[in-house]
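Notes for the one structure printed next.
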Amino acid sequence: MPEVTFVESLRMTLREEMQRDPSLMLIGEDIGRYGGIFGVTKGLLEEFGPYRVRSTPISESAIIGSALGAAMTGIRTVAEIMYIDFTPCAMDQIVNQVAKMRYMSGGKVKIPLVIRTQEGGGRGNAAQHSQSLEALFFHIPGLKMVVPSTPYDARGLLKSAIRDDNPVIFIEHKLLYATKGSIPDGEYLIPFGQADVKREGKDVTILSFSYMVLKALKAAQHLAGEGIEAEVIDLRTLVPLDLETILRSVRKTNRVLIVHEGCRRGGIGAEIACCIQEEAFDYLDAPIERIGALNVPIPYSEPLENAVIPKEEDIIRGVKKLLYQT
Amino acid sequence: MTELIDQTLYLKMYEQMLTIRSFEEKAIELFEHNLIRGNIHPCIGQEAVSVGVCSVLRKEDYMLNTHRGHGNCIAKGADLKRMMAELLGRSTGYCKGKGGSMHIADFEGGNLGANGIVGGGLPIAVGAGISIQNRGTDQVVACFFGDGAVNQGTFHESLNLAAIWKLPVIFICENNQYALSTPIREAISISKISDRALAYGIPGVTLDGNDVRAVYTQMKGAVERARSGKGPTLLDCLTYRFYGHFTGDPGRGMTYRSKEEMEEWWGRCPIKRFRESLFREGILSEGKEKEIQIRVKTSIEEAVRFALESPFPDPEEAIQDLFY
Amino acid sequence: MNFRELTNTEAMVEALKEEMTRDPSIFIIGEDLVAHGGIFGQFIGLPEAFPGRVIDTPISETCIVGAGLGAALTGMRPFVDLHFADFTTCAMDEIVNQVAKIRYMFGGQAKIPIVIWAPDGAGLSAAAHHSQSLEAWFIHTPGLKVVSPCFPYDVKGLIKTSIRSDDPIIFFMHKKIFSRKGPVPEEEYVIPLGKADIKHPGTDVTIITYSIMVLHALEVAKEMEKEGIRVEVLDLRTLWPMDWEKIAESVTKTHRVIIAHEACLTCGFGAEISARIQEELFDELDAPIFRVGAYRVPIPFSPPLERFVIPGKESLKKTLYNLFGKEIDSK
């Protein structure tokens, strides 16, 4: 199985899907000759031409709105918003239009639209270029949400996202782009709503997604050295959420830690904790532990940013708190 | 007397332009040594716009700035030491390390902050204009944005609102011809950004943004309009960035720009042109130039030393400054 | 104190009038304020009383909020009116990336005394774009305070406090209850932010709620009394900062919790409250925490569909029955 980077995995997937579906169009800023700010669309303009790889001015609202219009009228579209921090510039389009159009029309229209974006901090990009905003979209009915953490998952999930006739927000992480992983030859799709147990364990369940999965795995490795076996589950899709896999693990370990990079207050962790608590109250031996970013904007300076974004040590500490709770 | 004032002003402007360029070059060097995190967006080549505009402003006039804003901060009177400290994430920086390169603010100096969202500063400028109008002072607001912002909804809403209420806002487009890799000619269907002023019933002018005296003259006119209650103006300043969009731009922006174009604009370098004219007019001499260069070099070195010697903020500061 | 009956609208107008008289830096900005007096009449009389300080704008939510921010940064106290909470999406960058972050990003240099006010909520067949409750977004975004009262007494006291606050406040009022009356003192008073209010004391279960759901909860509480269940209704009033002390006090007393809001259940504010109670008061709970919220769909137009989607008295009652293991009355 060849090893590819996260970026290469996305790029080859887009190329394959564009070859497979002659209507598939990409739209976004600097995605043409420049190849996208992280190189995801490199070479695609040259291969598919300017009608299918449309580089736009800085106009997030118009990018999403026009992508919606195209998708509603027969053109399967993948729109790119360069940073998730810019999705608020197109929030009306995403939340009031894309998410609601099908429902409001009584199910008349299908919207084969993928909104690709990337999130996360850790590079000193400061408050308006480092956010993790998945909780905002999680709260709005009508949007599926995908958050892969490996090149393998990115490829399989992007294919499913593109072939889905519903709006999908596909959230990458800026620190994942250079990471490598193996992918099989040949085509495969990963269905939505299937979490992946990235590491089995019996003592505690760690639920996570996106870049945090890598930190969770490192934490789990460290904990194994201390005789604690943590089960790390990569949620992969937030909407739909694979509650079955989560609950199966909870019934096994009886202790749960949820970790994400978005702010802790009102983050995804709160909803997942509630679902677990509602469905498996009697299986819990300790309160569910939630770890998220501190409830402040992401600061620039390194020690401040490190203090705000959850680290491996925070996960280790959280697990120990769960285990030593009476 | 006027001539003496002019000479003094021009020498100050020249020194400021040199300071901006040196600051940016130093910042790039520090970035390459991993002392600055994230990315920086150097404004090398755009010094005439910053200095030409800000030289007209008073301290109490407001300024809204962009992610490519170091030059504007310096021209508005920022302390280089505190700027450098902010870039290096130290607690002595303007924003105590919380903002970084893209978010330097100096409220005491009228700098209401730099925005990382393209077009984010325009509505804020309108609000500051309302504030001035309601208080009845003769302050003005200088609102900087790039050519990329003119296609954002905020541009249109803001120009319209400033126009209908005759707010004292000068909208300054630092038109360096590229929004990251998108050339302006592919992003607008009109020939000049200043044509859009017509749609809002305000004066608009496209000018040579690399001629600091031209920028100064136009800005002076716009500021007089604004101070006398005649409303906003749009200045479309044609300029060019000699560096890439940001420090992560492969090939320093040469993957989407041609060597010929770059060379042509180097020929129009604002510092080179101003220097030549000052020499021609006898305002600058080799001796004076040397003095200026030494002062600039010293001030940059001092700023770097101050920043390197400054402490990083305490991690616990991360949860401060959220609410008043 | 001398009380008289005012509607929520009247309470709001009175608060604004008093504050604008007291502080000349306060102004109101938004669409259709002057001739119309605001979309729900919440500014009637103010343009005449304060000429030049109630500013009508074109339809430009982005710029309205952004301009409010600029004015707040430079010495004024703007009260920004958005017609509907649904339109916060048109100014989301302004609210989330600017208003919420500027003070922090600039190391505390700025203070932002802005109130962004909007009617929210469903029940009037206003359909998907005019019926949302989006408070969860602004609670999740650090740097904002969020208020959502439903009694005229609370409306007046909290509008005054919000205007006087030097922090950005998102202030929601449910559109269906503008004309609901309640006693309001004639004398001056303010209600501090972050203080919940027990609207109905009880001992068997706590319903933590806010906005229109408070009214439904009170009706249910009255009915459940006859069945021997004493319901405590805790009106949060300020959503963020949350009155954790009051919540903890109540939970420690009743040991059973229902959290109710009209917003979509998934990742609504109820999730955060529930998760936190579960974290910090785990041992106080005699039963799982139940949440009541809207179904996970946009708000439909047709009345029977809308009634099904948004929670009301019946869904609250059903949840209570579930909690106490009672048989549901099938009528």
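General observations
- Unique match (being within 23 Å of residue C:149 (Cβ to Cβ), touching a helix residue (DSSP H, G or I) at 6+ places or on another chain (Cβ under 8 Å), crowded, with 23+ Cβ neighbours inside 10 Å and assigned by TED's automatic domain parsing to the domain that holds residue C:98) among C:16, C:46, C:69, C:33: C:16
- Residue in segment C:304-317 that is within 24 Å of residue C:149 (Cα to Cα), assigned to a loop (DSSP other than H, G, I, E, B) and touching a Gly at 6+ places or on another chain (Cβ under 7 Å) present: yes
- Every residue from segment C:49-66 that is of a type in the set (A, V, I, L, M, F, W, C) and in contact with a helix residue (DSSP H, G or I) (Cβ under 6 Å, 6 or more places away or on another chain): C:50, C:54, C:63, C:65
- Total residues in segment A:256-307, condition among the aliphatic types (A, V, I, L, M) and within 24 Å of residue C:293 (Cα to Cα): 8
- All of B:257, B:225 fail the test of being over 30 Å from residue B:81 (Cβ atoms), surrounded by 13 or more Cβ atoms within 10 Å (Cβ to Cβ) and within 14 Å of another protein chain (Cβ to nearest Cβ), apart from B:257.
- Complete set of residues in segment C:35-51 that are in a loop (DSSP other than H, G, I, E, B) and in contact (Cβ under 8 Å) with a residue 12 or more places away in the chain: C:35, C:38, C:39, C:40, C:41, C:42, C:43, C:44, C:45, C:50
- Restricting B:263, B:316 to residues that are loosely packed, with under 13 Cβ neighbours inside 10 Å, more than 30 Å from residue B:86 (Cβ to Cβ) and out of contact with any helix residue (DSSP H, G or I) (no Cβ under 6 Å at 6 or more places or on another chain) narrows the list to B:263.
- Those helices (runs of 4 or more DSSP H) of segment A:198-293 in which 1 or more residues are modelled with pLDDT of 95 or more, under 16 Å from residue A:314 (Cα atoms) and not polar (S, T, N, Q) occupy A:211-224, A:268-280.
- Residue within segment A:284-304 that is in contact with a helix residue (DSSP H, G or I) (Cβ under 9 Å, 6 or more places away or on another chain), on the phi < 0 side of the Ramachandran plot, hydroxyl-bearing (Ser, Thr, Tyr) and buried (at least 21 other Cβ atoms within 10 Å of the Cβ) present: yes
- Among the candidates C:204, C:154, C:197, residue that is buried (at least 20 other Cβ atoms within 10 Å of the Cβ), acidic (Asp, Glu), more than 26 Å from residue A:99 (Cβ to Cβ) and touching a strand residue (DSSP E or B) at 6+ places or on another chain (Cβ under 8 Å): C:154
- Residue check: residue C:173 meets all listed conditions (1) crowded, with 17+ Cβ neighbours inside 10 Å; (2) outside the structural domain of residue C:126 (by TED's automatic domain parsing) but one, namely (2).
- Here is the figure for segment C:71-95: residues that are in a helix (DSSP H, G or I) and closer than 29 Å to residue C:9 by Cβ total 12.
Rundown of residues vs (1) out of contact with any Cys (no Cβ under 9 Å at 6 or more places or on another chain); (2) crowded, with 24+ Cβ neighbours inside 10 Å; (3) facing another protein chain (nearest Cβ under 7 Å), yes/no style:
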position: C:63; (1), (2), (3): yes, yes, yes
position: C:74; (1), (2), (3): yes, no, yes
position: C:87; (1), (2), (3): yes, no, no
position: C:94; (1), (2), (3): no, yes, yes
position: C:98; (1), (2), (3): yes, yes, yes
position: C:103; (1), (2), (3): yes, yes, yes
position: C:109; (1), (2), (3): no, no, yes
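- The set of residues in segment B:131-153 that are at the interface with chain C (Cβ under 9 Å from one of its Cβ atoms), free of Cβ contacts under 8 Å to residues at least 40 places away in the same chain and under 19 Å from the mean Cα position of the chain (by Cα) is empty.
- Residue within segment B:96-103 that is touching a strand residue (DSSP E or B) at 6+ places or on another chain (Cβ under 7 Å) and either closer than 20 Å to residue C:114 by Cβ or assigned to a helix (DSSP H, G or I) (or both) present: yes
- Subset of segment B:112-144 (residues that are surrounded by 24 or more Cβ atoms within 10 Å (Cβ to Cβ) and either touching a Cys at 6+ places or on another chain (Cβ under 6 Å) or assigned to a helix (DSSP H, G or I) (or both)): B:121, B:122, B:123, B:124, B:125, B:126, B:127, B:128, B:129, B:130, B:131, B:132
- Filter result for the condition that a residue is in contact with a Phe, Trp or Tyr (Cβ under 7 Å, 6 or more places away or on another chain), buried (at least 24 other Cβ atoms within 10 Å of the Cβ) and more than 25 Å from residue A:294 (Cβ to Cβ), over A:126, A:161: A:161
- Filtered residue count, segment B:50-87, keeping only those that are of a type in the set (Ser, Thr, Tyr) and assigned to a loop (DSSP other than H, G, I, E, B): 1
- Residue count, segment B:300-313 (criterion: touching a residue at least 40 places away in the same chain (Cβ under 8 Å), surrounded by fewer than 17 Cβ atoms within 10 Å (Cβ to Cβ) and more than 14 Å from chain C (Cβ to nearest Cβ)): 3
- Scanning segment B:93-130 for residues that are more than 7 Å from every other protein chain (Cβ to nearest Cβ), free of Cβ contacts under 8 Å to residues at least 40 places away in the same chain and closer than 16 Å to residue C:66 by Cβ turns up just one, B:119.
- Flag if residue A:100 is without any contact (Cβ under 8 Å) to a residue 12 or more places away in the chain and not assigned by TED's automatic domain parsing to the domain that holds residue A:305: no
- Qualifying residue in segment A:94-116 (condition: within 14 Å of chain B (Cβ to nearest Cβ) and surrounded by 23 or more Cβ atoms within 10 Å (Cβ to Cβ)): no
- Residues within segment A:134-177 that are more than 9 Å from the chain's Cα centre (by Cα), part of a helix (DSSP H, G or I), charged (D, E, K, R) and within 13 Å of chain C (Cβ to nearest Cβ), tallied: 0
- Test result for residue B:51, farther than 26 Å from residue C:65 by Cα, modelled with pLDDT of 95 or more and either over 12 Å from the mean Cα position of the chain (by Cα) or acidic (Asp, Glu) (or both): no
- Positions within segment A:4-52 being in a helix (DSSP H, G or I), within 14 Å of another protein chain (Cβ to nearest Cβ) and under 13 Å from residue A:78 (Cα atoms), in sequence order: none
- Enumeration of residues in segment A:295-319 that are at the interface with another protein chain (Cβ under 7 Å from one of its Cβ atoms), out of contact with any Cys (no Cβ under 7 Å at 6 or more places or on another chain) and under 18 Å from residue C:97 (Cβ atoms): A:296, A:297, A:299, A:300, A:308
The values are calculated or read from the model by the stated rules, or taken from the named source; none is laboratory data. Being a predicted model, the structure only gives us computed values, none of them experimental. Ideal geometry is used to build each Cβ from the backbone, glycine not excepted, and the neighbour counts take in all protein chains shown.
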